[in-house]
1. With a 10 Å radius around each residue's Cβ, average the other Cβ atoms per peptide and rank 307-320, 541-554, 380-393, highest first.
2. Stick to Cα atoms and the Kirkwood definition of Rh, then tell me Rg/Rh for the stretch 148-223.
3. If you bin the C-alpha pair distances of the stretch 138-189 every 10 Å from 0, what whole percents do you get?
4. According to the Cα gyration tensor, what semi-axes, each the square root of 5 times an eigenvalue, does the equivalent ellipsoid of the stretch 285-444 have, listed from largest to smallest in whole Å?
5. Quantify how much of the Cα-Cα distance distribution of the stretch 458-535 extends past 17 Å, in percent.
6. Computed over the Cα atoms, what is the radius of gyration of the stretch 127-255 divided by 2.2 N^0.38 Å, N being its residue count?
7. Kindly give the semi-axes, whole Å and largest first, of the ellipsoid equivalent to the stretch 440-502, taking each as the square root of 5 times a Cα gyration tensor eigenvalue.
8. Using 7 Å Cα-to-Cβ label points, what is the Asp564/Lys583 separation (nm, one decimal)?
Amino acid sequence: MADPGKPVAPGDVEKGGSMIYNSTEEKVPLVPPVDPQAKAKKKSNIILILAGCLVVAISTTIIFVVDASKSDDDDSDEMVEDLESDLEELENNKFFTESTLAFFGGLQLSPLPTRFPEEPFILALQKIDFEEVKTDISAMLVDSQDFWPADYGTYGAFFIHLAWHCSATYRTFDGRGGCEGGRPRFEPERSMGENVNKDKAWLLLKKIKDKYGRGLSWGDLIILTANVAIHDLGGPVLGFCAGRIDVKSSYRDHILTDRGLIPIVDQPGTLPQLDPQLLGPICVNAEGTNGTNNPANSTEEIRIQFAVKGFNDTETVALVGGGHSFGKTHGACPLGFGSLPNEDPANAFEGECGTGIASDVYTSGFEGPWTTKPTEFDNEYFMNLVNFDWVQETSTGGLTQWGVVGKGGPRAPTPFQDNSTDFVDTQQIMMLTTDVAWLADSSYRQIVQKFAFDLEAFSTTFENVWYKLTTQDMGYNRCFDTGDLPPVQDFQHPLPAPPLNPPAKEDVEAAIDALFMNAGPQVEVEGWKPLMVTFAYNCAQTWRVTDHSGGCNGARIRFSPGKDWRANAGVVDEGMAILQPVKEKFGDDLTWADLIVQAGTYVLTAGNGNNKLNANVLNADVPSIPFCPGRSDDTDGLDWANLEPIVFGDFSDDLVGLKDYWRRSGLNFRDMVALEGRLRSPDQQRAMGYAGSWANDTFANSGTFSNEYFRVLTSEEWEVFELDGVFDTQTQFKAKGKNIFMKKSDLLLLEDGTQVPQDGITNDSDDLRSIVADFAFDNSLFLEHFALSWKKLMNADRMNGPTSNLCADVA
């Protein structure tokens with residue numbers, strides 16, 4: 001047995017046995033759906049026939065009701081009442097209730113349409129007694145069901161691992177993933193190798209979901225169930241952030257795979273590229289990088305994958321150790337788990353080992369618990385790692401895992417005992433290659449040893465990182481407090497309170513007027529007007545609805561990394577220098593965030609109503625754009641660490657990337673195309689390394705705002721143009737015979753002539769080229785839509801709760 005106080009050298013992990021290579025991958029690749037088996041067809045046919053009969057019966061009844069209501073017979077009223085009663089009885093037939101259809105034959109079907117509009121989610125959420133929900137969850141966790149018996153008499157570990165997998169799809173570089181939406185119910189997450197048998201969760205949770213209805217979303221229920229399980233098994237829980245909104249389709253997930261999966265080169269140490277369109281993986285390969293079963297070659301992949309999810313080394317070890325403190329792996333035989341849901345939805349995950357349940361379960365192919373007490377939270381996982389030498393062995397599922405050298409390690413009870421005897425059946429504890437990998441890395445090894453000897457340190461770290469894992473996709477100000485919401489955490493990048501006495505909107509506008517009037521010709525010579533619009537747009541366009549981060553609230557554009565991005569070259573320092581006199585006039589009562597947005601908005605509406613700015617160039621046709629004050633100023637730019645724009649206008653841009661980037665904003669394509677027609681600063685374009693903008697300096701710097709951008713885009717003949725600039729050679733487009741320029745992202749708008757289906761979220765039903773044509777033809781249409789889109793973008797980050805926006809009613 002190894003000395004627990006002695007550091008374990010990387011080479012020690014191989015003592016006691018030779019390395020065994022096994023090319024079996026735990027993950028199962030996604031494949032196109034195949035023809036279901038006969039019994040699945042039979043169930044589907046029954047559903048279709050009965051549903052058809054229902055539709056015909058209801059339609060016929062409605063016709064009779066209408067005809068009867070037109071009759072002058074004395075009995076007509078009685079006939080109508082009888083038929084309406086029959087119709088109601090038919091609609092209420094128990095066979096066709098939502099609860100019956102929802103999981104008929106293993107298929108998740110759409111519920112029948114309701115007769116009345118659904119109650120708003122936030123109102124339904126506010127009515128829920130979450131203490132009662134937690135009581136119901138605790139009872140469910142120990143109520144073992146015959147269709148899926150609970151390991152060790154509790155579903156605790158099952159739901160902890162479900163919440164782990166639901167949340168761990170989150171990735172910092174585009175904010176996608178996380179458990180909001182409850183997306184494991186849909187493809188592609190439903191058929192991911194990491195989610196084998198997780199479909200049983202929906203059946204186990206169904207009674208609770210039905211009881212509390214719309215206000216208890218699947219996303220909230222998944223996380224809350226795991227929190228209750230951790231608590232009931234003796235673990236620490238920091239708190240709960242409610243308000244996750246369920247999605248009604250898997251559309252957002254499919255966006256992640258538009259480019260398809262990038263293959264991993266089958267060489268040790270080779271990692272997948274981090275493509276913005278690539279989903280997952282939820283976990284690293286438990287048999288090590290590329291299935292090599294080499295702990296030393298696995299540590300860098302672990303570090304990269306968890307960094308993508310936003311975790312440092314200490315958080316990573318605590319998360320994995322906390323998850324592996326509970327439950328066991330399942331690999332009853334080498335035959336596998338059966339069919340994936342996208343192969344055979346009616347018979348998914350039936351298992352090829354015996355009954356497919358209880359002791360015959362196959363989930364990952366590995367077999368055994370990590371600790372001797374898999375239903376208790378403690379630090380035994382780390383103690384076992386440092387106290388024993390580990391050697392490779394083959395699981396009953398046919399995969400390579402690790403056991404204690406000489407099989408002399410501690411044993412745990414098996415999950416299902418024979419209650420007719422006092423004999424306690426046991427099995428050996430085990431580790432995965434990715435567990436043993438901690439010992440092969442000096443940083444990870446030190447953390448493991450610390451947690452092995454300090455339960456309090458482990459408990460505190462796990463408590464905090466679990467909350468981060470399950471909450472970081474929610475933003476900092478969208479949580480609904482159910483009674484145990486903790487203070488806003490550092491990872492949520494909270495903002496300070498806004499000023500108590502902000503200046504009146506009219507006073508700030510007057511100061512901007514005076515500033516511009518006193519500057520005289522300098523305004524147009526230096527292009528102040530388009531620069532103000534660019535400053536506000538670049539500040540706000542970082543908003544992404546995927547994890548509710550970014551935006552201009554906080555004015556983080558003033559700090560690194562944002563102010564150093566290429567997209568902000570020639571913007572931040574120049575814009576702040578221009579606005580500094582206005583900021584000094586109002587002091588701390590006027591935040592930079594409000595001033596940046598207000599100045600950009602005010603410039604656009606010059607000449608509208610009481611706006612005196614640019615009296616020589618009146619944009620009188622521009623609709624009023626309301627300004628909503630109340631923003632704060634942050635003290636750093638850390639929240640922008642992963643928000644740099646990915647579309648610059650370079651020739652590397654393409655339609656997939658452009659649309660993907662736009663979708664993150666939560667605005668639809670018509671909104672985003674309208675915003676492309678904003679005022680642009682030629683000097684700022686040159687600072688980015690380009691030759692200029694779509695309009696000459698005189699026109700662009702005048703501040704004239706109309707649909708001219710779209711007229712120029714559609715009427716000129718564009719040629720490829722290269723310029724050696726500050727960012728190497730920049731390739732853009734130049735109008736034939738004219739000294740005006742467009743970027744690749746502009747010309748992409750003309751290439752898109754294919755309509756995309758409505759997704760139920762952004763309603764992107766128009767192709768970009770047709771939107772451009774609409775705006776080029778009708779200036780009023782463009783200006784009206786631009787005003788609405790600008791307001792949306794400037795205020796998108798002003799969330800206040802799960803569904804509310806502080807600026808929603810500002811007109």
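1. In decreasing order of mean packing, 307-320, 541-554, 380-393 become 541-554, 380-393, 307-320.
2. 0.97
3. Over the stretch 138-189, the share of Cα pairs per 10 Å bin runs 23, 38, 29, 9, 1 percent.
4. 26, 22, 15
5. Counting pairs separated by more than 17 Å, the tail of P(r) holds 68 percent.
6. Normalised by 2.2 N^0.38 Å, the Cα Rg of the stretch 127-255 equals 1.02.
7. 33, 14, 11
8. 1.9 nm
The values are calculated or read from the model by the stated rules, or taken from the named source; none is laboratory data. A quick note: this is a predicted structure, and the numbers were derived from the prediction, not measured. Heads up, the Cβs are rebuilt from the backbone with ideal geometry, glycines too, and the neighbour counts pull from every protein chain shown. Ligands, DNA and RNA are excluded from the accessible area calculation, which covers all protein heavy atoms including side chains. Shrake-Rupley method; radii C 1.70, N 1.55, O 1.52, S 1.80 Å.
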